[in-house]
Amino acid sequence: MLLRQIERFLRTTAMPSARFGRLAAGDPRFVYDLRNGREPRGSTAERVERFMTEYLSATGESRHVH
């Protein structure tokens, strides 16, 4: 589930949810909306997953979000 991966990413990186939404999806309310039942389109979900993977690789985080 995408929201579960995002929540784990936020805990791992200590990134605020609004910043994550802005960087990953171009929408600061993205995580808030997901928490309230929003279902992202497939292309948006792929872009968000790619952002998390690339961010963790670039920062050298050892824990994965999957």
- request: Would you mind finding the one in 50, 19 that is open to solvent by 100 Å² or more (accessible area, probe 1.4 Å), over 16 Å from residue 5 (Cβ atoms) and not in a loop (DSSP other than H, G, I, E, B)?
  value: 19
message: Can you report the number of residues in region 1-16 which are more than 10 Å from the chain's Cα centre (by Cα) and open to solvent by less than 40 Å² (accessible area, probe 1.4 Å)?
response: 2
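The values are calculated or read from the model by the stated rules, or taken from the named source; none is laboratory data. The shown structure was predicted, so the numbers you read here are calculated from the model rather than taken from an experiment. Quick reminder, even Gly has a Cβ in these numbers, built from the backbone with ideal geometry, and neighbours come from all protein chains shown. SASA here: full protein model, heavy atoms, side chains in, ligands and nucleic acids out. Shrake-Rupley method; radii C 1.70, N 1.55, O 1.52, S 1.80 Å.
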